[in-house]
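Heads up, the thing below is written out as structure tokens.
The values are calculated or read from the model by the stated rules, or taken from the named source; none is laboratory data. Since the model is a prediction, treat every value here as computed from it, not as a measurement. FYI the Cβ positions are ideal-geometry reconstructions off the backbone, even for glycines, and counts take in every protein chain you see.
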């Protein structure tokens with residue numbers, strides 16, 4: 001666990017597996033404290049060669065059965081080593097009575113999860129980076145994909161300005177108020193966004209709730225990266241948050257010409273029909289007007305409703321990812 005002697009070896013291992021300029025170190029892929037029950041290191045000839053964090057989230061279920069999580073996974077490119085490392089995690093999950101073990105996941109879908117399945121394109125900002133052979137190591141240990149995700153790339157940035165203007169006018173006549181995030185009252189807006197996210201994502205795959213305070217703490221540290229022009233809040237006439245489009249500049253792009261659609265959500269009781277599609281179109285317009293040349297629609301689960309909205313504006317698959325599970 002953090003603070004213990006072994007944790008130094010846990011923390012240092014990635015520096016032995018990646019070059020110092022690797023995207024792996026941009027935002028890191030380290031354990032989070034919530035639901036974390038242990039950090040484990042595999043040693044070979046007194047040298048650390050693999051690691052994982054073990055999470056026990058009491059609300060996490062897959063196929064109506066309790067599931068444990070493997071996160072912060074790192075390992076040398078050696079099948080024998082990875083087999084031994086993952087077998088340790090499996091044995092641990094079995095000993096604790098779990099029916100499934102899922103990975104990679106830092107305790108819940110609020111944190112980093114999924115492996116990229118190719119590196120044909122450069123990593124974008126806030127996208128976890130790791131060795132591709134980790135997919136093979138999980139599959140070799142018996143894991144199978146339980147969900148597949150992708151990111152789309154829109155380089156055409158086509159939109160209908162007249163239709164968007166008419167749609168906005170219609171929403172405003174229904175009482176909608178469109179505004180940017182308030183950087184002067186940043187945490188107050190984060191609380192509103194947290195409340196909407198916690199309820200709005202409740203039906204998502206592998207969803208487990210977090211507190212509003214946890215949500216605020218998670219995103220407050222990223223304030224320096226937020227541009228209010230890229231975040232649209234939709235409220236009703238009473239000031240209740242109804243929908244949100246959260247977008248962020250791709251700070252990994254040296255040209256500064258790409259932007260990421262990170263989250264799009266609306267409340268279950270939202271009366272503004274079609275506002276999600278409108279927000280994606282408006283985001284495309286904003287991106288074009290601000291000089292961006294491409295928009296990444298990030299981390300879409302295959303078969304999700306957001307897939308249809310994204311493909312309306314962007315049909316080019318850019319990245320793909322997998323989340324793995326093993327029935328015990």
Flagged in the stretch 133-159 as in a loop (DSSP other than H, G, I, E, B) and over 26 Å from residue 278 (Cβ atoms), in numbering order, are 141, 142, 143
Please state which one of 119, 130 is in a loop (DSSP other than H, G, I, E, B), touching a residue at least 40 places away in the same chain (Cβ under 8 Å) and assigned by TED's automatic domain parsing to the domain that holds residue 39. 130
Tell me which of these residue 277 doesn't satisfy, since it passes every other one: (1) in a helix (DSSP H, G or I); (2) crowded, with 20+ Cβ neighbours inside 10 Å; (3) modelled with pLDDT under 95. (2)
Test each condition in (1) modelled with pLDDT of 95 or more; (2) in contact with a helix residue (DSSP H, G or I) (Cβ under 6 Å, 6 or more places away or on another chain) for residue 246 and report the one that comes out false. (2)
Is it the case, given these coordinates, that residue 226 is more than 30 Å from residue 146 (Cβ to Cβ), in contact with a helix residue (DSSP H, G or I) (Cβ under 9 Å, 6 or more places away or on another chain) and surrounded by 15 or more Cβ atoms within 10 Å (Cβ to Cβ)? yes
Surrounded by fewer than 18 Cβ atoms within 10 Å (Cβ to Cβ) and over 30 Å from residue 256 (Cβ atoms), is that true of residue 122? no
Members of the stretch 28-55 that are farther than 19 Å from residue 77 by Cβ, at pLDDT below 90 and surrounded by 15 or more Cβ atoms within 10 Å (Cβ to Cβ): 30
Among the residues that make up the stretch 83-106, is at least one of them crowded, with 21+ Cβ neighbours inside 10 Å, within 24 Å of the chain's Cα centre (by Cα) and modelled with pLDDT under 95? no
Residue 196 surrounded by 16 or more Cβ atoms within 10 Å (Cβ to Cβ), outside any loop (DSSP other than H, G, I, E, B) and under 22 Å from the mean Cα position of the chain (by Cα): yes
